[in-house]
Amino acid sequence: MGGLLYCIIVGVRVGCCAREVMKGGGYGVLMDIVLGMLGAIVGGWLFGMLGISTGGLIGGILVAFIGAVILIWLTRMLKKA
């Protein structure tokens, strides 16, 4: 249970930070959580494919943030189409 709560808290923070960097109005708290959590997955996959290993709390947050920014960018591109 603690791990899930931790993921949600990190997901909220990462999603909110990514939204601010992308200068958008955001998609709401729930979508920020989803984008933050999915961002961790996408970022981890992307960094793994590039052979880049990030360890520790800060590395994990950075990877999740980069993944969330990529997801926000992709959702905006799909929304425009």
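The values are calculated or read from the model by the stated rules, or taken from the named source; none is laboratory data. What you see is a predicted model, and the numbers here were worked out from it, not measured in a lab. Glycine also receives a Cβ, built like all others from the backbone with ideal geometry; neighbour counts cover every protein chain displayed.
Descriptive notes on the structure:
- The residues listed here are LEU30, LEU38, LEU57, LEU46; of these, the one that is closer than 25 Å to LYS79 by Cβ, free of Cβ contacts under 8 Å to residues at least 12 places away in the same chain and hydrophobic (A, V, I, L, M, F, W, C) is LEU30.
Conditions tested, residue by residue: (1) in contact with a strand residue (DSSP E or B) (Cβ under 7 Å, 6 or more places away or on another chain); (2) buried (at least 17 other Cβ atoms within 10 Å of the Cβ); (3) modelled with pLDDT under 85; (4) not small (Gly, Ala, Ser).
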residue: GLY15; (1), (2), (3), (4): no, yes, yes, no
residue: MET31; (1), (2), (3), (4): no, no, yes, yes
residue: GLY43; (1), (2), (3), (4): no, yes, yes, no
residue: SER53; (1), (2), (3), (4): no, no, yes, no
residue: ILE58; (1), (2), (3), (4): no, no, yes, yes
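- So GLY60, is it not in a helix (DSSP H, G or I) and not aromatic (Phe, Trp, Tyr): no
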